[in-house]
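Structure record follows, encoded as structure tokens.
The values are calculated or read from the model by the stated rules, or taken from the named source; none is laboratory data. Computed from a predicted structure; not experimentally measured. Ideal geometry is used to build each Cβ from the backbone, glycine not excepted, and the neighbour counts take in all protein chains shown. In case anyone asks, the SASA skips ligands and DNA or RNA and just uses the protein heavy atoms, side chains included. Shrake-Rupley method; radii C 1.70, N 1.55, O 1.52, S 1.80 Å.
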Amino acid sequence: MSRSTAEPHRAHRAAAAVEPKPRRSNFLREFLRTPALVGAIAPSGRALCRTMVKMVDMERVKVAVEYGPGTGPCTAEIIPALRPGTRFFAVEINPRLAAIVASKHPGLKVHVRSAADMSDICVEEGLAPESSVDAIFSCIPWASFPKALQDDVMAATLRVLKPGGVMVTFAYHVGLLTPSGRRFKRMLRANFRTIDKSRAVLNNLPTAFVYRCVK
Ligand SMILES: C[S@@+](CC[C@H](N)C(=O)[O-])C[C@H]1O[C@@H](n2cnc3c(N)ncnc32)[C@H](O)[C@@H]1O
């Protein structure tokens, strides 16, 4: 775990700071262990993952990162869409879920850390600590994060994204009803140059949509 971690992350991290277990687990069990961290009772459906991928111009992407791959439904859509030579790695705070997605994609580097540590992770990847990432596929539950964690992950994200870089992130309609979901929406507006929204993906549990945010 990162030495750069801010104090408010301690509880969040403590929940995840256990040794990875190679056995298969399931998403619902991980939700019941740490609901705010996992943020959904079921993995994303294919339609939602495909919507995320379609919203990124993969021709322009040299370095791509996925936040919170979980059991890997979006990873399975991102990898085939990568262009030859594009670097791709994932950041998953839950070691049991990280072990599952890594076992499905043996060539994929999964950093078992928080997305708030993105600068350090980029350095570990041999990249610059800032302005080195073209695209972030964010699957983390921003709307269930406390403000301090939202702030820290957002600051890390803005730091590593190149100018003109893109973050796509899904959000649940139900999340727009919560104070932290509304705070997240305001945070996107305050920090990105342009924000587009996909159509509603209704055949997902819960129903969702995707924000495409350009720095
Ligand atoms: C809503 S689930 C999405 C999982 C999967 N990508 C999907 O779409 O079904 C959120 C994922 O984000 C991970 N996560 C939560 N906070 C994180 C953080 N700060 N850094 C990295 N991953 C995080 C959780 O462990 C979980 O796997």
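Before moving on, here are some points about what is shown:
- Peptides 188-196, 46-54, 171-179 ranked from most to least packed give 46-54, 171-179, 188-196, packing being the mean of other C-beta atoms within 10 angstrom over each peptide's residues.
- Averaged per residue, the stretch 7-214 has 45 square angstrom of accessible surface, using a 1.4 angstrom probe with ligands and nucleic acids left out.
- Annotation: cysteines of the chain without a disulfide-compatible partner (Cβ-Cβ under 4.7 angstrom) are 122, 139, 213.
- Highest to lowest packing among 101-107, 142-148, 31-37, scored as the average C-beta count within 10 Å: 142-148, 31-37, 101-107
- Working from the Cα coordinates of the chain, the gyration tensor eigenvalues give, after taking √(5λ), semi-axes of 21, 20, 19 Å in decreasing order.
- Only helical runs count toward this figure. For the chain, summing -39,500 (n - 2.57) over DSSP H runs of n ≥ 4 and dividing by all residues gives -10000 deg cm²/dmol at 222 nm.
- Candidates 164, 53, 115 compared by Cα position along the dipole of the stretch 7-214: farthest toward the positive end lies 53, with charges placed on Cβ.
- Of all DSSP-defined beta bridges confined to the stretch 7-214, some 40% are antiparallel rather than parallel.
- Phi-based couplings in Hz for the stretch 116-132 (Karplus 6.51, -1.76, 1.60; Gly and Pro marked x): 5, 9, 4, 4, 5, 5, 4, 4, 4, 7, x, 9, 5, x, 9, 6, 10
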